[in-house]
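Everything below concerns the one structure shown next.
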């Protein structure tokens with residue numbers, strides 16, 4: 001149990017570090033491009049423009065990381081205090097202080113958060129601005145002094161040890177062994193801590209002295225990952241094989257390494273493939289003299305080429321390092337895949353396991369789940385959110401954006417980090433484990449959860465709901481119900497629907513009157529206890545049981561399952577209709593399900609009622625037997 005807790009803590013720590021770095025990747029790219037272009041060994045040497053390189057890596061990047069870390073802990077105030085505290089470690093050392101920023105940024109946010117909590121409700125009216133500004137300034141200044149005197153020098157010493165360790169590995173030819181740590185660390189989401197907290201500062205110093213550094217490629221090399229994905233393209237099975245080509249393009253050219261993690265988790269033996277691939281790539285880079293001018297962020301082949309020194313030999317060395325890593329990883333992966341069993345559904349299980357590796361709860365199903373907030377009548381903005389607002393949310397938003405365009409909908413689709421969700425977001429799509437955080441951030445938005453951000457059928461449900469709001473919920477019932485009927489038969493079994501529980505030519509003045517009638521019929525038939533009727537009313541008040549196509553399916557709440565005696569349903573034919581929240585309902589199915597058999601009931605109802613022609617037949621039916629025959633026939 002203790003080991004499990006430690007593992008979860010490490011995973012959450014790695015994920016938090018990733019959230020600090022990922023929103024600032026564009027700044028790393030800007031610095032890398034300026035470095036590659038204008039330093040003396042760059043493409044277009046320019047002494048004046050090259051003056052930006054030092055201040056950007058010394059001040060801009062650490063301050064951005066510190067601000068982001070503080071903001072993650074305590075929003076805007078946390079970000080400001082985190083940036084002030086980070087300034088102390090910057091000035092207190094002579095090396096780029098990424099690691100110090102990762103420490104002081106969140107710490108500054110935590111300190112001001114604790115202060116705000118301690119004075120909440122105790123500040124006299126009219127003095128809020130004074131207290132807020134002075135508290136942030138005083139605490140930020142004290143933390144800057146602390147980091148200048150203690151934290152910065154301590155991190156400087158620690159970094160010195162790391163530099164000595166790297167020099168020793170290089171001198172002894174053991175640098176390829178770092179892949180034993182780096183490649184598995186990616187799966188634990190510690191890659192940003194290792195790459196930007198440890199390797200980048202050392203690499204910057206090496207680049208200053210030698211014009212390049214191999215350390216920038218230890219973590220960013222896309223070779224090991226592309227080898228895994230190409231092996232799945234050829235030797236994989238089922239869903240894994242079908243999705244691997246797209247994942248390979250995203251990983252190699254988009255630089256999002258996270259996308260190949262589930263494929264490794266499907267077959268843990270593939271850890272050996274990425275480790276051997278990484279080691280081979282590093283050995284090749286050492287042998288041929290590869291290296292980069294600046295970090296390649298993200299780890300895309302395009303980013304690597306952009307920050308490669310302007311020298312043909314170095315280009316060849318870097319390409320060879322990537323190629324060798326990919327080939328070795330591919331060969332080992334292919335052997336593992338060909339000699340072991342694969343199951344088609346493994347990719348879904350692995351995707352969920354990847355979420356657990358982030359220290360988050362994972363669910364079993366791969367379906368949308370929406371909150372009780374109803375879909376807005378007019379939707380103008382959809383936001384796909386993830387931890388950092390880069391990798392998974394960017395891909396999800398891209399897929400959604402394409403589908404929205406194809407559907408002819410004039411809706412904006414963007415992606416962001418959960419911490420930066422805009423207030424005007426009407427629909428927020430997140431991975432299921434992140435939905436509670438998104439709900440806390442925007443409680444009034446319509447939230448949709450999805451387990452696998454590459455699963456396009458999930459997005460199709462949302463598009464269908466946007467295009468056809470009245471019938472989308474009914475269609476979802478059809479999909480879910482059919483998925484739960486083993487042989488595909490959708491029949492209204494005689495034990496579930498009796499002729500005496502079908503009521504023709506009914507008339508009601510309110511939906512509550514109709515629901516209570518259906519509930520009393522269920523009670524009289526011996527399907528439920530009397531208390532189930534109130535639960536049906538409560539369920540409809542939570543979310544309307546109108547399903548579209550003039551159909552309503554009132555049923556009890558989750559807590560009312562104990563009141564269900566037997567599975568069954570009743571049908572109310574209302575030719576003139578009754579108002580359900582502004583919608584005309586002509587068919588009402590009151591249902592009660594026990595031990596999952598309600599899915600069969602829903603199946604028969606949903607499949608039949610998804611077609612308006614069937615609705616008309618049911619509304620015009622002259623006998624209970626005719627209604628049963630229609631349901632059984634469809």
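Of note:
- Full extension of the chain between residue 444 and residue 537 yields a length gain of 31.1 nm, computed as 0.36 nm times the residue separation minus the alpha carbon distance.
- Linear extension gain, residue 129 paired with residue 91, 0.36 nm per residue minus alpha-carbon span: 10.7 nm
- Sorting 42-49, 306-313 by average packing, meaning the other beta carbons within 10 Å per residue, from highest down gives 306-313, 42-49.
- Neighbour-count order for 61, 409, fewest beta carbons within 10 angstrom listed first: 409, 61
- Fewest-first sequence of 261, 216 by Cβ atoms within 10 Å of each Cβ: 261, 216
- Euclidean distance of C-alpha centroids, segment 141-173 and segment 261-318, integer Å: 26
- What the Cβ-Cβ distance of residue 170 and residue 612 gives, at R0 = 51 Å and to the nearest 0.05, is a FRET efficiency of 0.10.
- Most to least packed among 560-571, 614-625 [average Cβ atoms within 10 Å]: 560-571, 614-625
- Here the gap between residue 623 and residue 114, fully extended at 0.36 nm per residue and compared with their Cα-Cα distance, gives a gain of 176.3 nm.
- Exposure proxy ranking, count of Cβ atoms within 10 Å, fewest first, for 269, 97: 269, 97
- At R0 = 41 Å, FRET efficiency that the Cβ-Cβ distance of residue 46 and residue 163 yields, to 0.05: 0.85
- Segment 17-82 and segment 97-137 have Cα centres spaced 24 Å apart.
- Estimated distance in nm for a label pair at residue 410 and residue 513, the labels positioned 7 Å out from Cα along Cα-to-Cβ: 4.2
Throughout, read-outs are computed from the coordinates displayed, never taken from laboratory work. Owing to the predicted nature of the structure, the values given are computational and were not obtained by experimental measurement. Reconstructed Cβ throughout: ideal geometry from the backbone, glycine too, with neighbour counts over all protein chains shown.
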